[in-house]
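Right, one structure below, let's go through it.
The values are calculated or read from the model by the stated rules, or taken from the named source; none is laboratory data. The model shown is predicted, which means the values in this text are computed figures rather than measured ones. Every residue, glycine as well, gets a Cβ built from its backbone with ideal geometry; the counts of neighbours run over all protein chains shown. Only protein heavy atoms, including side chains, enter the accessible area calculation; ligands, DNA and RNA are left aside. Shrake-Rupley method; radii C 1.70, N 1.55, O 1.52, S 1.80 Å.
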Amino acid sequence: MIDANYDAAVIGAGPAGLAAALASDSAGAKTLLVEREASLGGILKQCIHDGFGLVRFGEKLSGPEYAHRFINKIRSSGVAVSALTYVTKIKNLHTGFELTLVNRDGVFKTTCKSLVLACGCRERTSRQTGIHGRHSAGVFTAGTAQYYTNILGKMPAKRCVILGSGDIGLIMARRLTLEGADVAGVYEAKPSVSGLMRNVYQCLEDYNIPLHTSRTVTRIFGEGRLNAVEISSVDENMAPIPGTEKIIECDALILSVGLIPENELAESIGIPLDNRTKGPVADQDCMTMIHGAFCCGNALHVSDLVDYVSESGETAGRAAARWADSGCVRGSQDQDNYAQIKADNSLMYVVPQIINLERIYNPGTDVKIVFYFRSKDEMGKTLLTVTLDGKEIFKRIYPRLRPPEMERLELDFKNLNIKGSSIVEFSLSSTEAV
Ligand SMILES: Cc1cc2nc3c(=O)[nH]c(=O)nc-3n(C[C@H](O)[C@H](O)[C@H](O)COP(=O)(O)OP(=O)(O)OC[C@H]3O[C@@H](n4cnc5c(N)ncnc54)[C@H](O)[C@@H]3O)c2cc1C
């Protein structure tokens, strides 16, 4: 039974949404959690390998075990849960939001004072990789292959090629091998691997699965079902090099070529997105540029570890409850209320992208801000420098930075005289150059 109004509504019950709903409920907000699938847990339901929760729980849990720590708490909380329910439309009422919900019982509307978008991300598909040839059956994203294997108990391939070295592809290389498939190799167009190094060791090297960098799939063969793919070497611009083509016979091509935050609902209410993260521009509370609308987890930016997804969910949920309780007074979206975060060209991105100064200077609120960033390229010993209006406020040396590995940093802005129009700039430099 869905009520007519809530203080806070959370869309998506993956780890981000579960943490957000729990935090909002503990802060005293009447909270609704909406999930389009039949059960809670998001992508974790199909991640039966271990490696989740090392930061938060100091334990190596499987995805379902990690999710259940939160689902059990949801069951004994005051959160109203509506599973098998799709949020199809959001209307910005300016004093809150109206949600259109569709489920087996019909179409419903409900309102909320604050909204948390925790819709996760989706995988890049074959149409987005520019592979030529007929797209016959047998082309799967790694997540779909994982769903077939781990949830449906069906093998998607007998002999496969994996294109892209993202973590899901590496994990599926191991999973399919364990289930008896022959994984001919993992092919990566970039000169370096896109996933975590621990997955390269544990999923490829331990199983003698070859990894080939600077190679890509240029053609797919097969009528009805795929029966071979063509692999070519690529140059430094990732263009295939003629004469390097090699045919590999296989019955499946598995793609692990990137994840994109799922933000159609955010865009439908005019929330500005960041070109670098593909998620909303947000402040330190995960509040987007539409006041009262928050975003967390992989919908905000794709995280490498679930622990950080839960952390951003908690931040968003607490702030959403506070927003609902404060009477939803929309502060000015004037530049003067925000300091801007700038990431120079050595960084892929920094999140949050703005600092809401009202939250820094209001007594009793947090002055410590959690930042997440990724380097743009593989770097050895590297110096991170953070400046405020050109003056250095923080530096740290990292032994190594890799784009697949997200870094977390807490900075304290107390007594730093940060102002509207201030610029906080992050930059990386090789220590040899210092
Ligand atoms: C294959 C794989 C392996 C991984 N391995 C590890 C690992 O070993 N260790 C680790 O720490 N992390 C790992 N991760 C990362 C971590 O699991 C994810 O970053 C995390 O689960 C993302 O959480 P989320 O809540 O943002 O999104 P999701 O888990 O994707 O949840 C989003 C939810 O929103 C729902 N939703 C979306 N739109 C709507 C709508 N309109 N209405 C209603 N509901 C909606 C979806 O159905 C979904 O349930 C892995 C990720 C993947 C994909």
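What is the set of long-range amide H partners of residue 5 at a cut-off below 5 Å, with H atoms built 1.01 Å from backbone N?
111
Within the range 82-188, list the trypsin sites (Lys or Arg not before Pro) lying in a DSSP loop whose Cβ has at most 11 other Cβ atoms in a 10 Å radius.
Answer by residue number: 104, 134, 154.
Measuring from centroid to centroid over Cα atoms, what is the spacing of the range 135-156 and the range 13-86 in Å?
Taking the Cα centre of each part, the range 135-156 and the range 13-86 sit 25 Å apart.
Extension gain residue 417-residue 205, at 0.36 nm per residue separation less the Cα-Cα distance, in nm?
Working it through step by step, the gained length comes to 71.2 nm.
Debye sum, Cα scatterers, the chain, no solvent: what log₁₀ I/I(0) at q = 0.12, 0.14 1/Å?
So the normalised log intensities are -1.05, -1.31.
Using a simple charge model, +1 on the beta-carbon of Lys and Arg, -1 on the beta-carbon of Asp and Glu, nothing else, what dipole does the chain show about its Cα centre, in debye to the nearest 20?
480
What residues qualify as long-range amide H neighbours of residue 121, i.e. H under 5 Å apart, gap of 5 or more or another chain, H built at 1.01 Å from N?
262
Please list, in order along the range 186-195, the HN-Hα scalar couplings obtained from phi with the Karplus expression 6.51 cos²θ - 1.76 cosθ + 1.60 (θ = phi - 60°), rounded to whole Hz, x for Gly and Pro.
3J(HN,Hα) across the range 186-195, in whole Hz: 10, 10, 10, 6, 6, x, 10, 6, 8, x.
Let me check the size of the range 59-147 from its C-alpha atoms; what are the radius of gyration and Dmax in Å?
Expressed in Å, the Cα Rg and Dmax of the range 59-147 come to 18.8, 53.
On a full-extension model of 0.36 nm per residue, what is the gain between residue 392 and residue 264, subtracting their alpha-carbon distance, rounded to one decimal in nm?
Numbers: separation 128, 0.36 × 128 = 46.08 nm, distance 3.83 nm.
Length difference between fully extended and current span is 42.3 nm.
Can you give the accessible area per residue of the chain, in Å², using a 1.4 Å probe?
With the other protein chains kept in place, the chain gives 45 Å² per residue.
Which of the listed residues, 281, 265, 85, is farthest toward the dipole's positive end in the chain, when Lys, Arg count +1 and Asp, Glu count -1 at the beta-carbon?
The Cα lying farthest towards the positive end belongs to 85.
Determine ³J(HN,Hα), in whole Hz, for all residues of the range 174-185 in sequence, where each value follows from phi through the Karplus function 6.51 cos²θ - 1.76 cosθ + 1.60 and θ = phi - 60°; x replaces Gly and Pro.
Calculated HN-Hα couplings, in order: 5, 4, 5, 4, 4, 8, x, 7, 9, 9, 5, x Hz.
Taking the Cα atoms only, what angle lies between the long axis of helix 15-26 and the longest principal axis of the chain, rounded to 10 degrees?
20
Residue by residue through the range 158-165, what is 3J(HN,Hα) from phi via Karplus (6.51 cos²θ - 1.76 cosθ + 1.60, θ = phi - 60°)? Round to whole Hz and write x for glycine and proline.
9, 9, 9, 10, 10, 9, x, 10
Find, to one decimal place in angstroms, the Kirkwood hydrodynamic radius of the range 125-256, where the mean of 1/r is taken over every pair of different Cα atoms and then inverted.
14.5
Convex hull volume of the Cα atoms in the range 336-404, per residue, in Å³?
Dividing the Cα hull volume of the range 336-404 by its residues yields 101 Å³.
Helix 306-325 versus the longest principal axis of the chain: what angle, 0 to 90°, nearest 10, using Cα atoms?
Approximately 30 degrees, to the nearest ten.
Suppose a student asked you for the relative contact order of the chain, using Cα pairs under 8 Å spaced at least 6 residues apart; what percent would you report?
Contact order relative to length: 15 percent.
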